[in-house]
Amino acid sequence: MQTNMPDIADTAPALQTGKLDWVGMGEIELPFIFESRNLAPVTVNAKARAFVNLHKEEAKGIHMSRLFLALDMLSTEQQVNPQTIAQALDTFITSHEGLSDKAQIEFKFELPLRRKSLLSGKTGWKSYPITLTSTLENNNIHYELTVDVTYSSTCPCSAALARQLIQNAFSEKFNQETLSQKDVHEWLGTTQGIVATPHSQRSIANVKVKLNSKTDEFDVVNLINMLEEELKTPVQAAVKREDEQEFARLNGQNLMFCEDAARKIKALLEHNNYADYWLQINHYESLHAHDAVAIAVKGLTNGYQA
């Protein structure tokens, strides 16, 4: 096998000179073992993006295989945590000495978690879409964590209109009658009593947080738990009838426009130690063919933009 082969990236002139913000690869298939606080190391199948900048204007290109091999080592010989990501990012830059001084890795994967039912004690799997982006610039590493949480949202306006119809049906049924508690109780348990129900829909909260630069471990489970506890109505995995009834109660006690959900999550993130945050609430309407959407950011100068 020949050992003296041409390296065009090093020897050929660029067709046109100029700096490039990012050069690299996308959609890299990369299984790895993910580490996070309060979570046993778990193997996930990710799609990765790997980049360095190209600040040497006359350079033909970067050495993409060097990025790939650094990621492959992360996949096969290490577990993914802030320390090993930092090592990979440093390898990106040191293997491109004179060409690059910034590096970035993005992982997209689904994190499977065992989730307990509301009342029955049954458990089942739920998968949470995760995006983890790590950037090394000016010798500082920034970690960004994005998670999608799916929940149910019941419309407050629809609930009020349904209550009015129930009141009207009650008046028509028992006009000027003397009623016992038993009569009312029995009527409320019939379809003639509950003549209308509010509409609800599956909804998704997309939340991105910038972690403190001194982060030494990821804490994805805590972020997911906080979001679900604040929203009150996350979708369920294993469900028995008592769980379904409790879910209906929680929906009735936590009526939400998309604005309500956005303000709840914004207030939650404000009280946690995140360097920055961005959120988008998506209510996939069952009444309309379009979606209801609300967006909020922390509002920092040069921070995330709405």
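The values are calculated or read from the model by the stated rules, or taken from the named source; none is laboratory data. All of these numbers come straight from a predicted model, not from anything done at the bench. Note that each Cβ is placed from the backbone with ideal geometry, even for glycine, and that neighbours are counted across all protein chains shown. Just so you know, the surface numbers come from the protein's heavy atoms only, side chains and all, with ligands and any DNA or RNA stripped out. Shrake-Rupley method; radii C 1.70, N 1.55, O 1.52, S 1.80 Å.
For the reader, a short list of remarks on this structure follows.
- The listed residue being part of a strand (DSSP E or B), under 30 Å from K60 (Cβ atoms) and of a type in the set (G, A, S), out of S134, S153: S134
- Condition check for F107: open to solvent by less than 20 Å² (accessible area, probe 1.4 Å) and in the same structural domain as D219 (by the TED database): yes
- Pairs where the first residue, in the stretch 214-235, is touching a residue at least 60 places away in the same chain (Cβ under 8 Å) and the second is of a type in the set (D, E, K, R) and surrounded by 16 or more Cβ atoms within 10 Å (Cβ to Cβ), C-beta under 6 Å, 6+ apart: P234/E228
- Hits in the stretch 263-284 - residues which are modelled with pLDDT under 95 and under 18 Å from S153 (Cα atoms): none
- Test result for M73, touching a Gly at 6+ places or on another chain (Cβ under 8 Å) and open to solvent by 70 Å² or more (accessible area, probe 1.4 Å): no
- Looking across the stretch 20-68 at every residue that is touching a Phe, Trp or Tyr at 6+ places or on another chain (Cβ under 6 Å) and among the β-branched types (V, I, T), the one that is surrounded by the fewest Cβ atoms within 10 Å (Cβ to Cβ) is identified as V42.
- Among the residues listed as T11, T17, T3, the single one being farther than 24 Å from I105 by Cα and either modelled with pLDDT of 85 or more or buried (at least 18 other Cβ atoms within 10 Å of the Cβ) (or both): T17
- Number of the exception - V195 against (1) within 30 Å of A306 (Cβ to Cβ); (2) open to solvent by 60 Å² or more (accessible area, probe 1.4 Å): (1)
- Residue list for the stretch 234-255, filter: assigned to a helix (DSSP H, G or I) and surrounded by fewer than 19 Cβ atoms within 10 Å (Cβ to Cβ): R241, E242, E244, Q245, E246, A248, R249, L250, G252, Q253
- Residues of the stretch 235-263 satisfying the condition of being more than 19 Å from H199 (Cβ to Cβ) and under 16 Å from the mean Cα position of the chain (by Cα): A262
- Residue in the stretch 256-274 that is hydrophobic (A, V, I, L, M, F, W, C), in the same structural domain as E228 (by the TED database), closer than 27 Å to L119 by Cβ and not in a helix (DSSP H, G or I) present: yes
- Pairs where the first residue, in the stretch 264-282, is among the charged types (D, E, K, R) and the second is open to solvent by 30 Å² or more (accessible area, probe 1.4 Å) and assigned to a helix (DSSP H, G or I), C-beta under 8 Å, 6+ apart: K264/E230
- All positions within the stretch 82-94 that are of a type in the set (S, T, N, Q) and surrounded by fewer than 18 Cβ atoms within 10 Å (Cβ to Cβ): Q83, T84, Q87, T94
- Every test in (1) farther than 24 Å from A162 by Cβ; (2) within 16 Å of the chain's Cα centre (by Cα); (3) among the polar types (S, T, N, Q) is passed by S213 save one, and that test is (2).
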